[in-house]
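The values are calculated or read from the model by the stated rules, or taken from the named source; none is laboratory data. The shown structure was predicted, so the numbers you read here are calculated from the model rather than taken from an experiment. Heads up, the Cβs are rebuilt from the backbone with ideal geometry, glycines too, and the neighbour counts pull from every protein chain shown.
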Amino acid sequence: MLSNYFLMFAATVAVTLLLRQAAPRFGLVDQPSGHRVHKHPTPLVGGVAIFTGFFFGILATDMPLSAFRALFLGSGILVFVGVLDDVRELSSTSRFMAQIAAALVMIHFGGVILVDLGDLVGSGGLFLVAFGGLVWVADASTSRTDQPLLIMIMLGVACFLLFNVRLGIRRRATIFLGDAGSMFLGFVLCWFLVRYSQPPFDYIDPVTALWLMAVPLIDTVSIMLRRIFQRRSPFGADRTHLHHLLLHAGCGVNQTLLILLAIAAAGVVFGIGTQHAGWSEPSRFYVFMTLFGAHLLATGRYVHVKGLNPDR
C-alpha cells in the first residue's frame, strides 16, 4: 500500500508541474480582480492534479472499489464542470445544477443520502484537517477499508499545499485549487461524512459531522445569511469570508492559514472527543449553534464597523 501512496503523490506532483506550464494555453489562470486577494495571475490546476493523482493511486490498489463507483462518477462530473467554470466562469445556477447531478448519482447509484453539498471549503489546509478527522474516525471503527482512499486524498491535498503555501523565499502561491478542486474535494468530503453518520455504518453522530467541517460551514452559512439580509444573492462573491477578515485585520497569509487550521483542528478534536466521552447530541449541537451565533454577530459587526462593502 505504501507504493500506492508514493505513486499517487508522485503522479500528483508530475501532473501539477505539467498543468502549471500548460494552464495559460487553456485559460486555466485566475486573474487578479474584484474580490480576489492575490496580485499575480495564478494557474487553477490544483484540483485537476489531485483528481488525476488520486485515480493513478486507486488504479494501482487491489482493494475492492465497486462500492465507490458512484463516488468516482459524481467526482468526475464536478471536476469537468469545475474546469469549465475555471475557464469560462459559469453561473451559480450552472454550478448548482452540476452539484444536484452529482448528488443524484450519490443517492441513486451510491446509496448514500446527501445532507449537504457545496463549495464550503476554500482552503486546501481545511480539507486536510477534515479528511484527517475522517481517517481518525475510520481507524477507530470496526472497518478500516476506507482508510487508503482517505489517505490518498490527504496526500493529494498535501501535495497541493507544497505548491500553494508561501514557504521560505516563495512569496506567493504558484497554483490555486480552482472550482474543479473545491467541488471535487467538497463532494468526497460530503460523501464520507454522510456515509459515516448514517446506517449501516453509524461511525459518528450527525452532529459530529458538523464539527468535522465547523469552520467552513459556519463561515459559509454566516456569509449567505448576511447577503440575504443585504438583499443580495447568497451565491455571490465578496471579500467578507473569515480569511478575508483576518487578512484585513493585519494577519499575514501564513498566519491566517495557521489560525484557520488551529480552529478547524480544535473543532475536529472537540467533535470526535465529545462523542467518545458520551456527550449527548443536543448538548454538542447547542455548543455548535452558540459558536455559529457568536461568529455571525462578531463578523457582521466587524464588516459593518470597518465599512467593508461587498465588492471591496
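For segment 267-289, which residues satisfy the criterion of being surrounded by 15 or more Cβ atoms within 10 Å (Cβ to Cβ) and either in contact (Cβ under 8 Å) with a residue 60 or more places away in the chain or under 19 Å from Leu134 (Cα atoms) (or both)?
Gly267, Val268, Phe270, Gly271, Ile272, Thr274, Gln275, Arg284, Phe285, Phe288 - these are the residues of segment 267-289 that are surrounded by 15 or more Cβ atoms within 10 Å (Cβ to Cβ) and either in contact (Cβ under 8 Å) with a residue 60 or more places away in the chain or under 19 Å from Leu134 (Cα atoms) (or both).
Hey, any hits in segment 228-238 for a residue that's in contact with a Pro (Cβ under 8 Å, 6 or more places away or on another chain) and either free of Cβ contacts under 8 Å to residues at least 12 places away in the same chain or outside the structural domain of Thr290 (by TED's automatic domain parsing) (or both)?
Yes, segment 228-238 contains at least one residue that is in contact with a Pro (Cβ under 8 Å, 6 or more places away or on another chain) and either free of Cβ contacts under 8 Å to residues at least 12 places away in the same chain or outside the structural domain of Thr290 (by TED's automatic domain parsing) (or both).
Taking Leu167 and the conditions (1) modelled with pLDDT of 90 or more; (2) hydrophobic (A, V, I, L, M, F, W, C); (3) part of a loop (DSSP other than H, G, I, E, B), which numbered condition does it fall short on, given that it satisfies the others?
Checking Leu167 against (1) modelled with pLDDT of 90 or more; (2) hydrophobic (A, V, I, L, M, F, W, C); (3) part of a loop (DSSP other than H, G, I, E, B), the one that fails is (1).
Given the conditions (1) among the aliphatic types (A, V, I, L, M); (2) more than 15 Å from Phe54 (Cβ to Cβ); (3) surrounded by 19 or more Cβ atoms within 10 Å (Cβ to Cβ), report the number of the one that Ile153 does not fulfil.
That leaves (2) as the condition not met.
Among the numbered criteria (1) out of contact with any Phe, Trp or Tyr (no Cβ under 7 Å at 6 or more places or on another chain); (2) under 17 Å from Met106 (Cα atoms); (3) not aliphatic (A, V, I, L, M), which single criterion is violated by Phe176?
(2)
Of Leu65, Leu90, Leu71, Leu44, which residue is modelled with pLDDT of 85 or more and either in the same structural domain as Val253 (by TED's automatic domain parsing) or over 20 Å from Val157 (Cβ atoms) (or both)?
Leu90
Residues that are assigned by TED's automatic domain parsing to the domain that holds Ser182, closer than 16 Å to Asn164 by Cα and of a type outside the set (A, V, I, L, M, F, W, C): does segment 93-107 have at least one?
No.
Looking for whichever is modelled with pLDDT of 85 or more and closer than 18 Å to Leu150 by Cα here; the options are Val81, Val121, Val129, Val112. Which one fits?
Testing whether each residue is modelled with pLDDT of 85 or more and closer than 18 Å to Leu150 by Cα leaves just Val129.
Among helices (runs of 4 or more DSSP H) lying entirely in segment 194-312, which contain 1 or more residues that are under 21 Å from Val137 (Cβ atoms) and over 20 Å from the mean Cα position of the chain (by Cα)?
Those helices (runs of 4 or more DSSP H) span 253-276, 281-305.
Residue-wise test of (1) of a type in the set (A, V, I, L, M); (2) surrounded by fewer than 18 Cβ atoms within 10 Å (Cβ to Cβ); (3) touching a helix residue (DSSP H, G or I) at 6+ places or on another chain (Cβ under 9 Å).
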{"site": "Gln21", "(1), (2), (3)": "no, yes, no"}
{"site": "Thr52", "(1), (2), (3)": "no, no, yes"}
{"site": "Arg69", "(1), (2), (3)": "no, yes, no"}
{"site": "Leu84", "(1), (2), (3)": "yes, yes, yes"}
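State which residue pairs qualify: first residue in the same structural domain as Ile228 (by TED's automatic domain parsing) and inside segment 290-310, second residue of a type in the set (Gly, Ala, Ser) in any location, beta carbons under 7 Å apart, and separation of 6 or more residues or different chains.
His295/Ser222; Leu296/Ser222; Thr299/Ser222
Out of segment 252-266, which residues are loosely packed, with under 14 Cβ neighbours inside 10 Å and of a type in the set (A, V, I, L, M, F, W, C)?
Leu258, Ala262
Can you pull out every residue in segment 199-251 that is among the β-branched types (Val, Ile, Thr) and surrounded by fewer than 16 Cβ atoms within 10 Å (Cβ to Cβ)?
If the condition is that a residue be among the β-branched types (Val, Ile, Thr) and surrounded by fewer than 16 Cβ atoms within 10 Å (Cβ to Cβ), then Ile228 is the only one that fits.
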